[in-house]
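Contents: one structure, followed by commentary.
The values are calculated or read from the model by the stated rules, or taken from the named source; none is laboratory data. Note that this is a predicted model, so its numbers are computed, not measured. Note that each Cβ is placed from the backbone with ideal geometry, even for glycine, and that neighbours are counted across all protein chains shown.
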Amino acid sequence: MLNLAVRFGLELAGVATAGYLGFQFAPSGWRPLGAIAGAIALATVWGLFLAPKASSPIPLSSRELVGTILLLAVAGTLALSGQLWWGLGFAALLVANQAVLLLVGPRTGEFA
């Protein structure tokens, strides 16, 4: 259960990071809008395809892995945007979390 709470925190950090990246890559006059758009874009994709109760074609057993891959892409973009250590640290936390999720096995209970 603790690892799922950590996972949720990493997902929220991914949304915040997408907002930061939107801010960084938007033209100077559009930066606030870029930040909002980046966060909304990731949250929308997550809600439609990767959330535990999403009705998507991705099987529930694969959603955590697909989510980790998406968040690793965000971490990689963060590293390439000039925040190398933040990006690498975020990626390391994601990989460790995914490893624990794989070791623990499939989700069961009301949060599945």
### Query
Out of the residues in region 10-22 that are free of Cβ contacts under 8 Å to residues at least 24 places away in the same chain and touching a Leu at 6+ places or on another chain (Cβ under 9 Å), which is nearest to LEU94 (Cα to Cα)?
GLY19
### Task
With the checklist (1) over 14 Å from GLN98 (Cα atoms); (2) touching a residue at least 24 places away in the same chain (Cβ under 8 Å); (3) of a type in the set (A, V, I, L, M, F, W, C) in hand, flag the one item LEU4 doesn't pass.
(1)
### Query
Of (1) farther than 19 Å from THR17 by Cα; (2) in contact with a Phe, Trp or Tyr (Cβ under 8 Å, 6 or more places away or on another chain); (3) assigned to a helix (DSSP H, G or I), VAL100 satisfies all except one. Which?
(2)
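Yes or no, residue by residue, for (1) under 21 Å from ASN3 (Cα atoms); (2) part of a helix (DSSP H, G or I); (3) modelled with pLDDT of 95 or more; (4) of a type outside the set (A, V, I, L, M):
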position	(1), (2), (3), (4)
GLY19	no, yes, yes, yes
ALA37	no, yes, yes, no
ALA54	yes, no, no, no
ILE58	no, no, no, no
SER61	yes, yes, no, yes
LEU65	yes, yes, no, no
VAL74	yes, yes, yes, no
